[in-house]
Each structure stands twice: as structure tokens, then as C-alpha cells.
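A.B. asks: Got a structure for you, written out below as C-alpha cells; questions coming shortly.
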Amino acid sequence: ARRQGLSQVIGYEAGMEAAADKRYTLSHDLYHALRGDEIHIALQPQVDLASGRVVGAEALARWTKRDGTSIPPSEFIPMAEANGLIVPLGRRIIELACIALARLGSAGFGNIPVAVNVSALQLARDGFLNDLRATVELHGLPASLLEIEVTESIAMDERTGTSNVLEQLRDAGFPLAIDDFGTGYSSLSYLRSLPATTLKIDRSFVHEIGNTPERLAIADMIIRLGQRFDMRLVAEGVETPAQREWLIARGCHQAQGYFFGRPQPLSDLLTTLRGWQAN
Ligand code: C2E
Ligand code: CA
Ligand code: CA
Ligand code: CA
């Protein structure tokens with residue numbers, strides 16, 4: 001029994017080492033990806049539900065290695081959050097979003113805001129707001145075009161002291177969206193005190209439209225809450241016409257999802273926008 005125990009221990013450690021090796025290699029690769037040009041963004045259109053028009057876009061980080069393989073954000077974002085690379089990575093994403101905004105502006109679509117996802121570590125850094133201000137200024141953009149998305153759990157975490165940063169963001173003119181709303185356990189009075197302009201309904205609720213009555217009740221409640229607080233409501237992960245119809249009937253304003261458009265290169269988004277303009 002003892003020998004077996006030992007081999008189990010050794011096997012376990014070997015497995016852990018392999019996992020650690022893989023993590024190390026990926027961290028190392030990401031570090032180099034940041035210095036090269038392997039990191040880019042995909043823009044997912046946000047549409048006005050009533051008209052179907054594109055009214056904004058969310059910038060999502062993409063990592064395509066030089067050999068053509070892609071690493072999904074679900075792998076490299078948590079890793080970058082763990083090893084601190086999220087700070088330079090986030091800075092790069094914000095820069096790319098500003099470049100996209102400037103191009104939208106020169107193409108005649110200077111009224112389309114772009115949202116970026118910001119992690120807790122980025123937000124907690126001294127100088128985050130100053131960096132942000134400097135970046136929009138450098139690209140000749142008003143702060144109002146760069147929306148900052150933070151998850152509900154970050155926004156609600158009073159311990160990290162983020163609420164102060166959030167107020168400073170608002171005062172500087174950056175719109176603020178609460179991402180994945182409905183998945184945390186926010187107190188409603190705390191939500192009310194947040195300087196947020198947008199509520200994004202998590203896609204887990206949107207998926208249940210037509211299925212589970214309780215989840216539907218939550219989606220319904222979020223919509224009413226957003227209306228009550230005068231916030232812009234964006235439903236995430238809309239994939240079907242039935243989901244779209246339900247959201248319209250409930251008075252949700254905007255939506256994002258494969259039904260309207262996948263995360264895409266700026267050139268594709270511009271094609272869609274020009275199509276609308278021609279009509
Ligand atoms: P998120 O912010 O909630 O972004 C929405 C995710 O849902 C994206 O996944 C998007 O591709 C996906 N999605 C959009 N429409 C649909 C749909 O109709 N159906 C389904 N099933 N999925 C849909 P993605 O691009 O893989 O990103 C995953 C997560 O990684 C994001 O979730 C966000 O939390 C994080 N992330 C992505 N880019 C960044 C970034 O630049 N910085 C930070 N901090 N996090 C990022
Ligand atoms: Ca998001
Ligand atoms: Ca989300
Ligand atoms: Ca999410």
C-alpha cells in the first residue's frame with residue numbers, strides 16, 4: 001500500500017509539473033505575443049433591438065500565434081490575470097480600441113462607441129485613469145466613445161475600493177457598463193449607488209428564454225430594474241429570433257449576440273455600417 005501511495009504521489013506531482021510547464025510556456029508566449037503583433041481585437045456589434053441598427057461594439061481580445069493557432073480568451077485572460085500580464089495586455093487592447101474608434105470616425109461613424117473589458121487588477125492600478133485619458137487624447141477621441149466594462153462582481157466589491165475609481169471614470173466622462181449582470185449577488189441599493197450607465201444582462205439568462213420560468217423572471221426583473229434606474233440595457237448572447245422577440249416585448253433596448261453578428265474585424269463592421277447608411 002505504501003509503494004502504491006508513493007507512485008500515486010509521484011504521478012500526481014508529475015501531472016502538476018506538466019500543467020505548470022504548460023502554464024509557464026503560455027505565459028512566456030503571451031509575453032512575446034505582446035511585444036509582437038499577435039494580439040488583436042474582434043468587434044462584436046451591439047444593435048438597437050427596435051431598428052436592428054448597429055449602435056456600438058464590444059472589443060474582445062484575440063490571440064493568434066504566428067503559426068496560425070488561436071488561443072481562446074477563456075485560456076489566456078485568466079492566465080494574464082494570474083501573472084499580471086493583464087496590465088500590459090489591457091493597455092494594448094485599449095490602444096487597439098482607440099485605433100478602431102479613430103478609424104470609425106474617419107469613415108463617418110464617429111457616433112459609434114466601443115466598449116472594452118477591464119479586469120480588477122487593471123482598475124486597481126495607480127495611473128489607470130491617467131493612462132486612459134492620455135490614450136483617448138492621443139487618438140483625438142472624446143472619453144464618451146470609450147465604454148468601460150467591469151463585471152458585476154468587480155463593481156460590487158467594496159473591498160477593492162474600486163467604487164472610487166468608478167466614480168473618477170464617470171467624472172472623466174467614460175461610460176461604464178456592468179458586465180454579466182445577474183450572476184453576482186448585488187444588493188439593489190448598492191447598484192443604485194454605482195455610477196454605471198449600462199447594464200449588460202448575462203447570456204445565461206438570455207439562453208433560458210423559452211425554457212426555465214425562474215431564470216426568465218430574473219431577466220424580466222433586470223430589465224425593469226434598468227428601466228427604473230434609467231440605464232442602457234444590453235442583452236448578451238442573443239442567438240434566436242424568439243429571444244429577440246421576447247426582449248423587445250419586455251422593453252430591452254439593445255442586444256449583442258451571434259443572431260446579430262459575431263465578433264469580427266473592423267473592416268466587416270464598417271461594411272455593415274455602410275450598408276445601413278446606403279439604405
Ligand atoms: P464577455 O465580456 O462576457 O464577452 C462576451 C463573450 O460571449 C465573448 O466571448 C463573445 O464572443 C461571446 N458571445 C457573444 N455572443 C454570443 C452568443 O450569441 N452566444 C454565445 N454562446 N457566446 C457569445 P470571448 O470573446 O471568448 O470572451 C470571453 C471572455 O473573456 C469575455 O466575456 C471577457 O470576460 C473576457 N475578455 C475578452 N476580451 C477581454 C479583454 O480585452 N480584457 C479582459 N479583461 N477580458 C476580456
Ligand atoms: Ca464584456
Ligand atoms: Ca458579458
Ligand atoms: Ca461573461
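A.B. asks: Just to verify a result, which residue in segment 65-119, among those that are within 21 Å of GLN46 (Cα to Cα) and among the β-branched types (Val, Ile, Thr), is surrounded by the fewest Cβ atoms within 10 Å (Cβ to Cβ)?
C.D. replies: Per the criteria, the residue is ILE99.
A.B. asks: Hey, another quick one. Within segment 174-210, track down each residue that is away from ligand 4 (no atom under 16 Å from the Cβ) and in a helix (DSSP H, G or I).
C.D. replies: LEU188, SER189, TYR190, LEU191, ARG192, SER193
A.B. asks: When only residues in segment 237-264 that are without any contact (Cβ under 8 Å) to a residue 40 or more places away in the chain and buried (at least 22 other Cβ atoms within 10 Å of the Cβ) count, which is farthest from ARG215 (Cα to Cα)?
C.D. replies: So, considering only residues that are without any contact (Cβ under 8 Å) to a residue 40 or more places away in the chain and buried (at least 22 other Cβ atoms within 10 Å of the Cβ), the one farthest from ARG215 (Cα to Cα) is VAL238.
A.B. asks: Here is a follow-up. Being outside any helix (DSSP H, G or I) and either free of Cβ contacts under 8 Å to residues at least 40 places away in the same chain or among the hydrophobic types (A, V, I, L, M, F, W, C) (or both) is true for just one of ALA115, ALA102, ALA97, ALA80. Which residue is that?
C.D. replies: The unique qualifying residue is ALA115.
A.B. asks: I'm told GLY184 meets every condition in (1) buried (at least 19 other Cβ atoms within 10 Å of the Cβ); (2) closer than 18 Å to ASN117 by Cβ except one. Can you identify the failing condition by its number?
C.D. replies: Going through (1) buried (at least 19 other Cβ atoms within 10 Å of the Cβ); (2) closer than 18 Å to ASN117 by Cβ one by one, GLY184 breaks only (1).
A.B. asks: Can you tell me which residues in segment 220-276 are polar (S, T, N, Q) and either within 16 Å of ligand 4 (Cβ to nearest atom) or part of a helix (DSSP H, G or I) (or both)?
C.D. replies: GLN227, GLN243, GLN256, SER267, THR271, THR272
A.B. asks: Residues of segment 232-267 being of a type in the set (D, E, K, R) and under 14 Å from PHE205 (Cβ atoms), which ones?
C.D. replies: GLU236, GLU239, ARG250
A.B. asks: State the number of residues belonging to segment 106-152 that are under 17 Å from PRO195 (Cβ atoms) and charged (D, E, K, R).
C.D. replies: 4
Matching residues to (1) more than 16 Å from ligand 2 (Cβ to nearest atom); (2) among the small types (Gly, Ala, Ser); (3) touching a Lys or Arg at 6+ places or on another chain (Cβ under 9 Å):
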{"position": "ILE178", "(1), (2), (3)": "no, no, yes"}
{"position": "LEU191", "(1), (2), (3)": "yes, no, no"}
{"position": "ILE201", "(1), (2), (3)": "no, no, no"}
{"position": "ARG215", "(1), (2), (3)": "yes, no, no"}
{"position": "GLY251", "(1), (2), (3)": "yes, yes, yes"}
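A.B. asks: In this structure, is THR271 away from ligand 1 (no atom under 15 Å from the Cβ), closer than 13 Å to VAL54 by Cβ, surrounded by fewer than 19 Cβ atoms within 10 Å (Cβ to Cβ) and over 21 Å from the mean Cα position of the chain (by Cα)?
C.D. replies: yes
A.B. asks: Next question. If a residue has to be in contact (Cβ under 8 Å) with a residue 60 or more places away in the chain and small (Gly, Ala, Ser) to count, how many in segment 164-197 make the cut?
C.D. replies: Counting residues in segment 164-197 that are in contact (Cβ under 8 Å) with a residue 60 or more places away in the chain and small (Gly, Ala, Ser) gives 1.
A.B. asks: Sticking with this one: Among the charged types (D, E, K, R), part of a helix (DSSP H, G or I) and within 16 Å of ligand 4 (Cβ to nearest atom): does that describe ARG215?
C.D. replies: Details: among the charged types (D, E, K, R): yes; part of a helix (DSSP H, G or I): yes; within 16 Å of ligand 4 (Cβ to nearest atom): yes.
Considered against the rule, which asks whether it is among the charged types (D, E, K, R), part of a helix (DSSP H, G or I) and within 16 Å of ligand 4 (Cβ to nearest atom), ARG215 comes out as yes.
A.B. asks: Would you confirm whether or not segment 41-58 contains a residue that is within 16 Å of ligand 4 (Cβ to nearest atom), exposed (fewer than 13 other Cβ atoms within 10 Å of the Cβ) and within 23 Å of the chain's Cα centre (by Cα)?
C.D. replies: No, segment 41-58 contains no residue that is within 16 Å of ligand 4 (Cβ to nearest atom), exposed (fewer than 13 other Cβ atoms within 10 Å of the Cβ) and within 23 Å of the chain's Cα centre (by Cα).
A.B. asks: Taking ILE178 as the residue in question, decide whether it is touching a strand residue (DSSP E or B) at 6+ places or on another chain (Cβ under 8 Å), within 26 Å of ILE39 (Cα to Cα) and within 16 Å of ligand 3 (Cβ to nearest atom).
C.D. replies: yes
A.B. asks: Is segment 121-139 home to any residue that is modelled with pLDDT of 95 or more, buried (at least 21 other Cβ atoms within 10 Å of the Cβ) and outside any helix (DSSP H, G or I)?
C.D. replies: no
A.B. asks: Here is a follow-up. Say whether the condition of being surrounded by 18 or more Cβ atoms within 10 Å (Cβ to Cβ), among the hydroxyl-bearing types (Ser, Thr, Tyr) and out of contact with any Cys (no Cβ under 8 Å at 6 or more places or on another chain) is met by at least one residue in segment 198-214.
C.D. replies: yes
The values are calculated or read from the model by the stated rules, or taken from the named source; none is laboratory data. Because the structure is predicted, anything quoted here is derived from the model rather than measured. Note: ideal-geometry Cβ built from the backbone for every residue, glycine included; neighbour counts use all protein chains shown.
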